[in-house]
1. Across the range 1-35, what is the number of residues that are under 16 Å from residue 102 (Cβ atoms), outside any helix (DSSP H, G or I) and touching a helix residue (DSSP H, G or I) at 6+ places or on another chain (Cβ under 6 Å)?
2. Can you pull out the residues in the range 175-189 that are more than 19 Å from the chain's Cα centre (by Cα) and at pLDDT 95 or above?
3. With the requirement that a residue be part of a helix (DSSP H, G or I), within 12 Å of ligand 2 (Cβ to nearest atom) and touching a strand residue (DSSP E or B) at 6+ places or on another chain (Cβ under 8 Å), what does the range 61-72 give you?
4. Out of the range 36-60, which residues are away from ligand 3 (no atom under 16 Å from the Cβ) and not in a helix (DSSP H, G or I)?
5. If I ask for residues that are away from ligand 3 (no atom under 16 Å from the Cβ) and over 22 Å from residue 83 (Cα atoms), which ones from the range 21-35 would you list?
6. Just to check your reading of the model, which residue among 136, 204 is in contact (Cβ under 8 Å) with a residue 60 or more places away in the chain, under 16 Å from the mean Cα position of the chain (by Cα), away from ligand 2 (no atom under 14 Å from the Cβ) and crowded, with 19+ Cβ neighbours inside 10 Å?
7. Residues in the range 202-213: is at least one in a loop (DSSP other than H, G, I, E, B) and modelled with pLDDT of 95 or more?
8. Answer with yes or no whether residue 190 is touching a strand residue (DSSP E or B) at 6+ places or on another chain (Cβ under 8 Å), within 16 Å of residue 138 (Cβ to Cβ) and touching a residue at least 24 places away in the same chain (Cβ under 8 Å).
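The values are calculated or read from the model by the stated rules, or taken from the named source; none is laboratory data. Please read these numbers as outputs of a predicted model, since none were measured by experiment. Note that each Cβ is placed from the backbone with ideal geometry, even for glycine, and that neighbours are counted across all protein chains shown.
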Ligand code: SAH
Ligand code: DHB
Ligand code: MG
């Protein structure tokens, strides 16, 4: 199936499910206007994150990789009034656009945007005061995915859910040799070796091409 056909199917499903969303459209527009890369989750995937966070009943959510806050909005929408989301972003320009988008979406008061190397910020998060984290969404540089998983596990409880975006790298995951592919392969190995996790990897096709995500639950 061509990219265009995938995009058409995505648009059809968004329309038919009544998922058209002015707030998310504005968020995507702000990201484009600011020249940010077009690598946010798709609208359908974002709504999937909302549904998943609601299924989990997540009160505390951790996101690694904010970009313009598109997925952040989707996750924060699932929070109860006393819920909180911590999102980590290395690029101050991305964080600034994200804060505008979170404000526009009416979720900024429930979100902490931490600017810096995610590894450094994660090391400062405390499982007692910042956790337990009910749902973690890992979607930053793929090279450090294993370290992000380790921190997610440190901050999680039994039953916590961990989602990792871009698990298939447009099919390059099998024999690609770029740092992102190697990082993702190492993540697959780390998950396979970890008896604490029930996990799978699901392929996706759609507005953002062929990719997929890892879905894991802490035992
Ligand atoms: N979750 C977003 C997309 C994130 S794109 C969405 O779906 O809407 C990945 C983001 O991770 C980029 O904004 C990039 O700047 C950030 N990033 C890359 N390396 C990072 C690092 N080492 N620490 C923190 N953020 C990082
Ligand atoms: C890239 C990163 C992402 O998080 C994504 O969803 C798609 C692409 C990238 O770095 O190419
Ligand atoms: Mg991604």
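1. Here the count works out to 1.
2. Looking only at the range 175-189, we keep the residues that are more than 19 Å from the chain's Cα centre (by Cα), and these are 175-179, 182, 189.
178, 179, 182, 189 - these are the residues of the range 175-189 that are more than 19 Å from the chain's Cα centre (by Cα) and at pLDDT 95 or above.
3. Of everything in the range 61-72, just one residue is part of a helix (DSSP H, G or I), within 12 Å of ligand 2 (Cβ to nearest atom) and touching a strand residue (DSSP E or B) at 6+ places or on another chain (Cβ under 8 Å), namely 71.
4. 57, 58, 59, 60
5. First pass over the range 21-35, keeping only residues away from ligand 3 (no atom under 16 Å from the Cβ): 21-23, 25-26, 29-30, 32-35.
Selection gives 21, 22, 25, 26, 29, 30, 32, 33, 34, 35.
6. Just one listed residue meets the conditions, 136.
7. We begin by selecting, within the range 202-213, every residue in a loop (DSSP other than H, G, I, E, B); these are 205-210.
If we keep only those that are modelled with pLDDT of 95 or more too, we end up with none.
Among the residues of the range 202-213, not one is in a loop (DSSP other than H, G, I, E, B) and modelled with pLDDT of 95 or more, which makes the answer no.
8. Working: touching a strand residue (DSSP E or B) at 6+ places or on another chain (Cβ under 8 Å): no; within 16 Å of residue 138 (Cβ to Cβ): yes; touching a residue at least 24 places away in the same chain (Cβ under 8 Å): yes.
Answer is no for this residue.
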